[in-house]
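Let me begin by presenting the structure, written as structure tokens, before commenting on it.
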Amino acid sequence: MDRGSPEASAPGIPIGALATDGRTVTLFTPPVPLPPDKALGFREFLRALRTNALTIWPRDAYRQDSSVRHLLGRNTVLLNTPDAIHHVLVDNHANYRRSRASVRLLRPITGQGLLLSHGESWKLQRRTIAPSLAPRVMPILARHIALATQDAIDALAAETDRSVNLLAALRSLALDVAGRSMFSLEMRQHGPSMRGLLREFAERYAQPYLFDMLLPPSIPTFRDLGRRRFQAKWMRLIEDILRQRLAEPEVETPRDLFDLLRAARDPETGAGFSPAELRDQVATMILAGHETSAVALFWALTLLAQVPDEQDKVAREADLVDLSPDRVSAAMPHLPRTRAVVNEALRLYPPAFTLVREAIGPDRIGDIVLRRNDVVMIAPWVLHRHEALWDRPNSFDPSRFMPNAPPPPRFAYLPFGAGPRICVGAQFALTEAVVMLASICKRFHVSLIDDRPVLPVAIITTQPDHMPQFRLRTR
Ligand code: HEM
């Protein structure tokens, strides 16, 4: 049976739960692809990786502390306990690098940028870039987010009471946010070619095949030839946009991420980025930031479309604040419910469903002995639905993330990873998701047109298995 197919899923079901004040409330449990009953065989595993990586973990994985599989001549270990995860992502992080498949698949888009860098080069890039995405920069970026969101909402207003492909609209919006916050440029001119290339990449080059995992990145596979041709086209497009941006007059106060990155200096050496390095960082930010944000918002809206009461709470909260570009930063602290919905959507549908690392040298994690090149997986998808870590792990309950709720267990909630390689854009991503969700719910009532279950499918990010149609009604 195709485990990614709708037939394999349980329908979304409401279940009773006890609220903190003792009342019984009904929680919505969204549908998911059924996990296999036992560990998949080698061929099935490879196929699942290509078609829906969420189905590589058997039912037991959601209860166990860890599991080990022998695949392609090395061990692959899934870790679910805080100490083990802390060990890999924090204590001994220098002993782990990105997997060869991740490097092979993502290099064409990110070049030598931060995401795939390693060792000293990573350290230098990270400390140079981090201040450009720090909380104090958020007002500059929030302004761009609000501007792009206003335009998108005006366009959506023309589609009210009709069938709308919301995911497509959100992808355009996230790309517009990326473009404006990066370059202060509207993406009308470049958006279609950028989206076209990113689609080509997702459809043709983003799936891992056997040799992609087997061979070290220095030995090209057949698909790598296409990936190289793709990289040349993609980097040409980024260079065209940079040229247009560089033609703008320089200003003293930074307008956008590009100004911040261009001015960024390594605090230790004082060195900045060369033009090629700057291009690769820009490409990295676009890849790392835009699809993840689009799907995060998509899942938040899909959940709210199925739980109208919760949607109304977000709308009421948004109604009380001014989300216009100059006021939006001040509104952020007054949107706790919206933020809780975003956090809960990131728990149930983490866009980065798994963090994969390869051991550089031997290591020991509790009883597990790792050899060089063994693979470690820390899977937010599994962790966020783990039965020992969460109460009603599969149900949608934003109250878990309200300011008065106890914090989630340590290292059980990792939508942005953890440790030194935690997402450098996390603040930006959260600001973006909260502003967009509040703005959309303030203006529209969002519902799904039919009741076909919307199932998550993971290839590079956690996406829906089909493009569901939505209806927007003006509030
Ligand atoms: C909802 C949106 C986002 C999610 C869920 C997300 C998730 C993640 C995760 C899980 C990692 C760590 C990967 C690992 O440890 O293997 C990561 C890294 C990264 N993210 Fe994000 N991200 C999001 C948005 C963004 C945005 C908006 C940007 C840029 C503006 C960005 C830039 C990066 C970069 C450059 C890295 C690599 C950091 C490093 O290796 O030092 N991300 N992201």
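List of remarks:
- Matching option when the condition is under 15 Å from G289 (Cβ atoms) and at pLDDT 95 or above, among L156, L141, L115, L170: L170
- Scope the stretch 330-367; condition under 14 Å from S399 (Cβ atoms) and not in a helix (DSSP H, G or I); matching residues: none
Results for (1) more than 17 Å from A429 (Cβ to Cβ); (2) near the ligand (Cβ under 10 Å from one of its atoms); (3) of a type in the set (D, E, K, R); (4) surrounded by fewer than 16 Cβ atoms within 10 Å (Cβ to Cβ), shown as yes or no for each residue.
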position: I109; (1), (2), (3), (4): yes, no, no, no
position: G119; (1), (2), (3), (4): yes, no, no, yes
position: Q125; (1), (2), (3), (4): yes, yes, no, no
position: I129; (1), (2), (3), (4): no, yes, no, no
position: L133; (1), (2), (3), (4): no, yes, no, no
position: I140; (1), (2), (3), (4): no, no, no, no
position: H144; (1), (2), (3), (4): no, no, no, no
position: L156; (1), (2), (3), (4): yes, no, no, no
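- Cross-chain or 6+ apart pairs with Cβ under 6 Å, the stretch 395-421 first and farther than 28 Å from D91 by Cβ, then more than 16 Å from the ligand (Cβ to nearest atom) and of a type in the set (F, W, Y): F396/F28
- Within the set R372, R327, R364, R316, the sole residue that is surrounded by fewer than 16 Cβ atoms within 10 Å (Cβ to Cβ), touching a Gly at 6+ places or on another chain (Cβ under 9 Å) and either basic (K, R) or modelled with pLDDT under 95 (or both) turns out to be R372.
- If only residues of the stretch 73-85 that are assigned to a loop (DSSP other than H, G, I, E, B) and surrounded by 15 or more Cβ atoms within 10 Å (Cβ to Cβ) are counted, the one that is nearest to the chain's Cα centre (by Cα) is N80.
- Condition check for L198 on (1) farther than 22 Å from E277 by Cα; (2) away from the ligand (no atom under 13 Å from the Cβ); (3) surrounded by 14 or more Cβ atoms within 10 Å (Cβ to Cβ): one failure, at (1).
- Some residue of the stretch 161-182 being farther than 30 Å from A330 by Cα, of a type in the set (D, E), touching a Lys or Arg at 6+ places or on another chain (Cβ under 9 Å) and surrounded by fewer than 23 Cβ atoms within 10 Å (Cβ to Cβ): yes
- Residue list for the stretch 183-193, restricted to those being away from the ligand (no atom under 15 Å from the Cβ) and either exposed (fewer than 15 other Cβ atoms within 10 Å of the Cβ) or in a helix (DSSP H, G or I) (or both): E186, R188, Q189, G191, P192, S193
Per-residue answers, yes or no, for (1) touching a Cys at 6+ places or on another chain (Cβ under 9 Å); (2) touching a residue at least 60 places away in the same chain (Cβ under 8 Å); (3) hydroxyl-bearing (S, T, Y):
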{"residue": "L287", "(1), (2), (3)": "no, yes, no"}
{"residue": "T292", "(1), (2), (3)": "yes, yes, yes"}
{"residue": "A296", "(1), (2), (3)": "no, yes, no"}
{"residue": "W299", "(1), (2), (3)": "no, yes, no"}
{"residue": "D312", "(1), (2), (3)": "yes, no, no"}
{"residue": "E317", "(1), (2), (3)": "yes, yes, no"}
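- Residue identified as in contact (Cβ under 8 Å) with a residue 60 or more places away in the chain and either away from the ligand (no atom under 16 Å from the Cβ) or closer than 29 Å to P409 by Cβ (or both) among R59, R69, R100, R50: R50
- One residue from E248, E239, E252 being within 26 Å of I145 (Cβ to Cβ), in contact with a Phe, Trp or Tyr (Cβ under 9 Å, 6 or more places away or on another chain) and among the acidic types (D, E): E248
- Residue check, D91 touching a strand residue (DSSP E or B) at 6+ places or on another chain (Cβ under 9 Å) and either free of Cβ contacts under 8 Å to residues at least 24 places away in the same chain or near the ligand (Cβ under 10 Å from one of its atoms) (or both): no
- Applying the criterion of at least 3 residues that are hydroxyl-bearing (S, T, Y) to the helices (runs of 4 or more DSSP H) found wholly in the stretch 206-325 leaves 275-306.
- Among the candidates R410, R400, R471, residue that is assigned to a strand (DSSP E or B), surrounded by fewer than 20 Cβ atoms within 10 Å (Cβ to Cβ) and away from the ligand (no atom under 16 Å from the Cβ): R471
- Across the stretch 261-299, the number of residues qualifying as over 27 Å from the mean Cα position of the chain (by Cα) and among the β-branched types (V, I, T) comes to 1.
- Residue list for the stretch 413-430, restricted to those being near the ligand (Cβ under 6 Å from one of its atoms) and within 23 Å of T128 (Cα to Cα): F416, G417, R421, C423, V424, G425, F428, A429
The values are calculated or read from the model by the stated rules, or taken from the named source; none is laboratory data. If you're wondering where the values come from, they're calculated on a predicted model, not measured in any experiment. Cβ sites come from the backbone with ideal geometry, for glycine too, and all protein chains shown count toward neighbours.
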